[in-house]
Amino acid sequence: MSVMSRLQYLGLKWQAMAWLVFGGRDRAQELFDQMLAEFPGDSYAMASKANLLAQQGDRAGALRLFESLVELQPGIGAHWFNLGFILEELAQYERAEQAFRRATEISPEIDRAWYGLGLVLIRLERHEEAVVALKQNTKLQPMSPYGWYQLARVHVDRHEPDEARKIITHLKRFEPKVAAQLERETGIFVSSAS
């Protein structure tokens, strides 16, 4: 890319980012389209456009771009995570599982990929594997209640109330509202003194 092309690219990118900050999604979308017309295959523009499409409810359009991204750059875990996320939203759980697994293989530090994998495995009723994925998520994000919540629900579904009770006790230390929600939903109550 020449210096002039690089400056033009950066100008388009910064304009698009500014429009996003100030709520101009349609204008940002036009700029991403312009970037792709002038710089075909640009992963930043493709990912940004795909995310905008997903936010606007065009999941099929977002899916096409995320599929193109993983073909273009198969070694980037974030692209596989985004593909898995949109596939999960489209209820294509088997494909979503494959995408999330690929994301975790490439970038095992992406906690959201482990969480997504856990959710998909729950949908596929593969609870034992879901426990493994959700435990990895909680290891990477110990203070986020989402993985803990889902993990407790899986333990309840597996008829393991003692494991769910441990999680509720743990959540009471830093997310008492989520712990209380789990108690109401599961019927497993833990005294505050536990």
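The values are calculated or read from the model by the stated rules, or taken from the named source; none is laboratory data. What you see is a predicted model; the values in this text were computed from it and never measured. Ideal geometry is used to build each Cβ from the backbone, glycine not excepted, and the neighbour counts take in all protein chains shown.
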Which count do you get for residues in the range 111-141 that are surrounded by 20 or more Cβ atoms within 10 Å (Cβ to Cβ) and not in a helix (DSSP H, G or I)? 0
Would you mind telling me which numbered condition in (1) more than 21 Å from I106 (Cα to Cα); (2) modelled with pLDDT of 95 or more; (3) within 18 Å of the chain's Cα centre (by Cα) A45 fails? (3)
Is it the case that R64 is of a type in the set (K, R) and closer than 22 Å to W114 by Cα? no
Which number in (1) part of a helix (DSSP H, G or I); (2) surrounded by fewer than 15 Cβ atoms within 10 Å (Cβ to Cβ) marks the one condition that A28 misses? (2)
Between a first residue in the range 148-162 that is outside any helix (DSSP H, G or I) and a second residue that is surrounded by fewer than 21 Cβ atoms within 10 Å (Cβ to Cβ), which pairs have beta carbons less than 7 Å apart while being 6 or more apart in sequence or on different chains? R158/H127
Scope the range 168-190; condition closer than 16 Å to Q141 by Cα and either touching a residue at least 60 places away in the same chain (Cβ under 8 Å) or not β-branched (V, I, T) (or both); matching residues: H170, L171, R173, F174, E175
Search the range 1-30 for residues being modelled with pLDDT of 90 or more and of a type in the set (D, E, K, R), and hand back the single one that is farthest from D58 (Cα to Cα). K13
Is there a residue being touching a Gly at 6+ places or on another chain (Cβ under 7 Å) and either among the aliphatic types (A, V, I, L, M) or outside any loop (DSSP other than H, G, I, E, B) (or both) anywhere in the range 31-53? yes
Out of (1) out of contact with any Lys or Arg (no Cβ under 7 Å at 6 or more places or on another chain); (2) over 27 Å from L124 (Cβ atoms), the one S192 does not meet is (1)
